[in-house]
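In what follows, a single structure is set out as structure tokens and then discussed.
We did not get these values from a lab; they are worked out from the coordinates using the rules stated. Quick caveat: nothing in here was measured; it's all calculated off a predicted structure. FYI the Cβ positions are ideal-geometry reconstructions off the backbone, even for glycines, and counts take in every protein chain you see.
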Amino acid sequence: MEKVKKPFMVELPRIYDPRGNLTFIQNGDQELSFTIERVFWTYDVPAGEVRGGHAHKEGGELLIATSGSFKVNLFDGRSWQHFVLNRPYQALYIPPGYWRTMDDFSSGSVCMVLASNKYSESDYIRDMDIFLKTYGVED
Ligand code: TYD
């Protein structure tokens, strides 16, 4: 299945300040290709741990390393792409239909996720065989 939307990295605005820098995003901004319905974050991830391991059927997500760094691995059914998130002003958009894992979490890192939909387990594909049947490219 050809995917309409592709993953991309985007730089968010930075307000430089000698007191400490500030970054923001809000609904309607061009960096955001959806309306935010939910925000969640993972933290205290033990060294060597892998998170994710699923795709979303409908939901899009914007990932930000608000602290520290981690790697995001995206699979479209044919090939993997890898993104390192290590700046609080950089964001990675993950469209629906992409299998993702996150690994290489640095100590103290925080993965903040802005999501286009509310939490619903029915929006998840957690089985790689089902993912490949749905999105895999057979050639
Ligand atoms: P999951 O999305 O599998 O985490 P990750 O992709 O970061 O490894 O979610 C882990 C658990 O948390 C799972 O039982 C569902 C629950 N959860 C919620 O209740 N609400 C949420 O918004 C999210 C993202 C997860």
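Our estimate of slack between N27 and V137, defined as 0.36 nm per intervening residue step minus the Cα-Cα distance, is 36.2 nm.
Here the spin labels are modelled as points 7 Å beyond Cα on the Cα-Cβ line, and at E37 and D127 they lie 2.4 nm apart. The local environment of G53, defined by Cβ-Cβ distances under 11 Å, has a net charge of +1 under the rule Lys, Arg +1 and Asp, Glu -1.
For T101 and D44, what does the FRET efficiency come to when R0 = 25 Å and r is the distance between their Cβ atoms, rounded to the nearest 0.05?
Working: r = 18 Å, r/R0 = 0.72.
Once rounded, the FRET efficiency stands at 0.90.
Along the range 67-79 the Karplus relation, 6.51 cos²θ - 1.76 cosθ + 1.60 evaluated at θ = phi - 60°, assigns HN-Hα couplings of 8, x, 8, 6, 10, 10, 10, 10, 10, 9, x, 10, 9 Hz to successive residues, with x for each Gly and Pro.
Summarising the label geometry, the points placed 7 Å from Cα in the beta-carbon direction at S120 and F8 lie 2.6 nm from one another. Assuming charge only on the beta carbon of Lys and Arg (+1) and of Asp and Glu (-1), the dipole of the range 37-113 about its Cα centre is about 120 debye to the nearest 20.
Within the shell defined by Cβ-Cβ distances under 13 Å, the residues around S116 carry a net charge of 0, with Lys and Arg each +1 and Asp and Glu each -1.
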